[in-house]
Amino acid sequence: MTKKLNKVDENVKEFLNRYGKEGFLQLFLTNYLYELIQYFLHSKMRGEDDLSLSYYTTHQKKLYSSEEIKSFEDKLRKECNIGAKRVVEELKRTNLIDKIDSFPPKNPKVARIISDEFEHIMSQVGRRD
Amino acid sequence: MGTSGSNTVPTTKGFKKVAGSLRAPFRIPANILQFTLSAAIGFIPSGFVGFPVVLAASEGISFVKLTKEKGLESAITIKALEISTNYIVPSVSHELWKVTSNKLGPEFAGSPYGQIAEKAFKKTFSSILSKGVKALEEEL
């Protein structure tokens, strides 16, 4: 095995030993939530409510600086991480986490149920109790 | 985001709330996440979040477990990934997504939501493969 391959091998093993599959899910869902939110926050909407315009301008219609945008995006990403952690906790509580390992099951109806359950959990992200 | 420019959302109450939260004098990221996700999940056709994400998670977990049990070289061989020795990290991420994408089929993988899952998947793998435990430490 080459030196490079060895290092990558070590990184994966270290990650899984420390954080397990829950850690993998947390990181993946953080990335997913962030990308999904960014996709919608950069969408067009008719009139004054255009989201992509609102993203870059203040309530006084001035442009945010690139530092302000960067700081906002960092905070948004932190929130995505908190949301991802909640999803993983909920996946564990409902035992859905074990069904992910063998997804998709042979029966498409069961796959649909798992997918729907997951979407329901995702829709609860960010809700304050 | 590169693919985001062409997306248009309807002027619903949910998306208006998102715009309002963006225009607030003091932005609250937690509210923006909550409102955006709530409006988005109501807008995205059923299955287009759950199916790609759960399948990608399943493929990802399977590969890291295989690497832990048998080593990276064997995991690459078992999953039949074509890896460039000069670009190990991007080629593993790319090849693993190819496997996932084939299982998803073009309807899901080619949709904007499949592409979002692809970005997140590749980012996750690039980060774990190149940084190890730091990949998650940096998020905490």
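General observations
- Orientation-averaged projection of the stretch B:50-137 equals 5.7 nm² [convex hull of Cα atoms, one quarter of hull surface area].
- Filter on A:K21/B:K16; A:K99/B:K17; A:K44/B:K123; A:K61/B:K134; A:K109/B:K134 - keep pairs with C-alpha separation over 31 Å: A:K21/B:K16; A:K99/B:K17; A:K61/B:K134; A:K109/B:K134
- Simple Cβ-charge dipole of chain A, Lys/Arg +1 and Asp/Glu -1, about Cα centre, in debye nearest 20: 260
- Around A:D101: net Lys/Arg minus Asp/Glu count, Cβ-Cβ under 10 Å: +2
- Under the Debye formula (equal points on every Cα, no solvent term), log10 I(q)/I(0) of the protein assembly as shown at q = 0.08, 0.10, 0.16 Å⁻¹: -0.33, -0.52, -1.22
- Ranking B:A80, B:S46, B:V64 by Cα position along the charge dipole of the protein assembly as shown, where only Lys, Arg, Asp and Glu carry charges on their C-beta atoms, puts B:S46 farthest toward the positive end.
- The stretch A:1-109: trypsin sites (Lys or Arg not before Pro) in DSSP coil with no more than 14 other Cβ atoms inside 10 Å: A:R46, A:K61, A:K62, A:K106
- Counting only Cβ charges, +1 for Lys and Arg and -1 for Asp and Glu, the dipole size of the stretch B:50-137 around its Cα centre is about 200 debye.
- Ordering B:S21, B:S130 from the fewest to the most neighbouring beta carbons within 10 Å gives B:S130, B:S21.
- Max-minus-min Cα coordinates of the stretch B:1-106 on each principal axis give 53, 29, 26 Å, with the largest extent listed first.
- Loop GluC sites (Glu not before Pro), the stretch B:1-100, which have at most 14 other Cβ atoms in a 10 Å radius of their Cβ (DSSP): B:E82
- Nearest-20 debye value, the protein assembly as shown charge dipole, Cβ charges on Lys, Arg, Asp, Glu: 240
- Whole-Å semi-axes of the stretch A:38-129's equivalent ellipsoid (Cα gyration tensor): 36, 16, 11
Read-outs throughout are calculated quantities, based only on the coordinates presented, and are distinct from any laboratory measurement. Values in this document were obtained by computation on a predicted structure and should not be read as measured data. All Cβ positions, glycine included, derive from the backbone under ideal geometry; neighbour counts span all protein chains shown.
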